Amino acid sequence: MKNSLSTAVVQAMADSLLAVYPDFKREQFVALASDGLASLELKQRVQHIINALVQNLPQDFAHSGKLLTALPDYWDALPEAERMSGFAVWPLIDYVAVAGLEQPQLAYTVLAALTPRFSAEFAIRPFIERYPEQSWQQLLVWSQAEDEHLRRLASEGCRPRLPWGKQLKDLIADPRPILPILDALKDDTSLYVRRSVANNLNDISKDHPEWVLDVCQAWLENATKQRHWLIKHATRSLIKQGHPRSFTLLGYTAEPALVVEEFALLEPQVKQGQALTFGFALRATQPQQNWVVDYAVHFMKANGQKAAKVFKLKNIALRKDECFAMEKSHSFKPISTRNYYAGEHSVALHVNGQEVARRTFYLED
């Protein structure tokens, strides 16, 4: 992704700025923004280009902000292949949070103009922190906008734990100011927007699970199929954590009645780079059982302790005496996001968040 902000993109950005600002020192900007760019990671590249923009755009944001607002019309007049969007626009948007922080109303206008090209979800966050009341009024206005990008920004911008974004600590502590935004968007016609609402609630559930479950419970009244999907997506972390109330909220059996008829490992020892294969059979012992069947691997850590990670398997409905059987392989091939350590591990079956069986295996170097 970092290569989405290359020297070629810097040059295209410079051409755009020159088109709306004839006094723009194009070559100076390109040289400054390109210097050392290749050695930087993605977010470092964003900040590096912002620094070059600060030095080469007018210092008065009343001027530079209007120039940025003119960019979308310029891009729309270009052949489609030459229009800037995506990561290429990210530095221009986040520049607003640096240069325009003292002029929030103009900044909102600029962000609204640019967010359809690349979401302003990162840039809006400093304004929420510094001008909470003013920002909430603006987010509510955007939640009613015709453009789905603006409606999504209303939700995505106030996610308390937005990935890659600055955490909004006041909202982590008290998410209640977010609810009017989410409530306005819960039945949005755009899946793009509804997914953001679900992700916002999923963020909040990490700190306030009962609050999120209360909201979702209220939303179940007269819920459409689309809202049911939103609630399910919003509670996915609670489901993985085995929060009991989340299962009943989604219509799963509160106390699953079952017998583990089989749970076996193909081999009790696995080498790094290979896969653990296991099979199991579960039989329902009461009528109409609705289950979320998952498995958890209890990984050995570097300090000798174990940490579990839950993986999805199947959502099923069974009648009394019906059996569900499955075989699954879990790979231990090296990946960038996890280190594997030799030693005793275990794999456990979960039904509706409750562990029903566990087996031990050994991971070898």
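Which residues, taken from segment 3-32, are open to solvent by less than 20 Å² (accessible area, probe 1.4 Å) and farther than 22 Å from LYS66 by Cα? Give the derivation first.
Going residue by residue through segment 3-32, those that are open to solvent by less than 20 Å² (accessible area, probe 1.4 Å) are 5, 10, 13-14, 16-17, 24, 29-30.
LEU5, the sole residue that qualifies.
Within segment 84-106, residues that are over 16 Å from ALA62 (Cα atoms) have Cβ atoms under 8 Å from residues that are of a type in the set (Ser, Thr, Tyr) and surrounded by fewer than 22 Cβ atoms within 10 Å (Cβ to Cβ) in these pairs: GLY86/SER4; PHE87/SER4; ALA88/SER4, counting only partners at least 6 apart in sequence or on another chain.
Of all the residues in segment 110-133, those that are under 16 Å from SER196 (Cα atoms), buried (at least 19 other Cβ atoms within 10 Å of the Cβ) and of a type outside the set (A, V, I, L, M, F, W, C) number 4.
Scanning segment 333-363 for residues that are under 13 Å from VAL310 (Cα atoms) and not in a strand (DSSP E or B) gives ASN352, GLY353.
Inspect all residues belonging to segment 25-35 and state whether any of them is among the aromatic types (Phe, Trp, Tyr), more than 27 Å from the chain's Cα centre (by Cα) and in a helix (DSSP H, G or I). Checking segment 25-35: at least one residue is among the aromatic types (Phe, Trp, Tyr), more than 27 Å from the chain's Cα centre (by Cα) and in a helix (DSSP H, G or I).
For every residue, the table says whether it meets (1) open to solvent by 20 Å² or more (accessible area, probe 1.4 Å); (2) within 29 Å of ARG26 (Cβ to Cβ); (3) outside any helix (DSSP H, G or I); (4) touching a Leu at 6+ places or on another chain (Cβ under 9 Å).
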| position | (1), (2), (3), (4) |
| --- | --- |
| GLN59 | yes, yes, yes, no |
| SER64 | no, yes, no, yes |
| LEU71 | no, yes, no, yes |
| TYR95 | no, yes, no, yes |
| VAL98 | yes, yes, no, yes |
| GLN105 | yes, no, no, no |
| TYR108 | no, yes, no, no |
| SER135 | no, no, no, no |
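Answer with yes or no whether VAL297 is of a type in the set (A, V, I, L, M, F, W, C) and either within 24 Å of the chain's Cα centre (by Cα) or modelled with pLDDT under 95 (or both). Criteria met by VAL297.
Within segment 176-188, the residues that satisfy the criterion of being over 10 Å from ARG151 (Cα atoms) and either touching a residue at least 40 places away in the same chain (Cβ under 8 Å) or of a type in the set (Asp, Glu) (or both) are PRO177, PRO180, ASP183, LYS186, ASP187.
What tally of residues in segment 323-354 results from selecting those that are surrounded by 14 or more Cβ atoms within 10 Å (Cβ to Cβ) and of a type in the set (D, E, K, R)? Count: 1. Only residues that are outside any helix (DSSP H, G or I) and either aliphatic (A, V, I, L, M) or open to solvent by less than 20 Å² (accessible area, probe 1.4 Å) (or both) were counted in segment 137-155, giving 1. All told, ASN51 falls short of being surrounded by fewer than 19 Cβ atoms within 10 Å (Cβ to Cβ) and at pLDDT below 95.
In segment 1-24, of all residues being in contact with a helix residue (DSSP H, G or I) (Cβ under 6 Å, 6 or more places away or on another chain) and not in a helix (DSSP H, G or I), the one that is farthest from ALA120 (Cα to Cα) corresponds to PHE24.
Would you confirm whether any residue within segment 275-297 is free of Cβ contacts under 8 Å to residues at least 24 places away in the same chain and under 20 Å from VAL351 (Cβ atoms)? Scanning segment 275-297, I find no residue that is free of Cβ contacts under 8 Å to residues at least 24 places away in the same chain and under 20 Å from VAL351 (Cβ atoms), so the answer is no. Taken as a whole, segment 162-183 holds at least one residue that is open to solvent by 20 Å² or more (accessible area, probe 1.4 Å), of a type in the set (Lys, Arg) and at pLDDT 95 or above.
Could you please find all residues in segment 156-178 being in a helix (DSSP H, G or I) and either among the hydrophobic types (A, V, I, L, M, F, W, C) or within 16 Å of TYR192 (Cα to Cα) (or both)? Explain how you work it out, then say what you get.
From segment 156-178, those in a helix (DSSP H, G or I) are 156, 169-173, 176-178; that's our starting set.
Answer for segment 156-178, where residues must be in a helix (DSSP H, G or I) and either among the hydrophobic types (A, V, I, L, M, F, W, C) or within 16 Å of TYR192 (Cα to Cα) (or both): GLU156, LEU171, ILE172, ALA173, ILE178.
The values are calculated or read from the model by the stated rules, or taken from the named source; none is laboratory data. Bear in mind the structure is a predicted one, so any value in this text is a computation, not a measurement. Note that each Cβ is placed from the backbone with ideal geometry, even for glycine, and that neighbours are counted across all protein chains shown. Ligands, DNA and RNA are stripped out before the accessible areas are found, and what is left, the full protein with its side chains, is counted by its heavy atoms. Shrake-Rupley method; radii C 1.70, N 1.55, O 1.52, S 1.80 Å.
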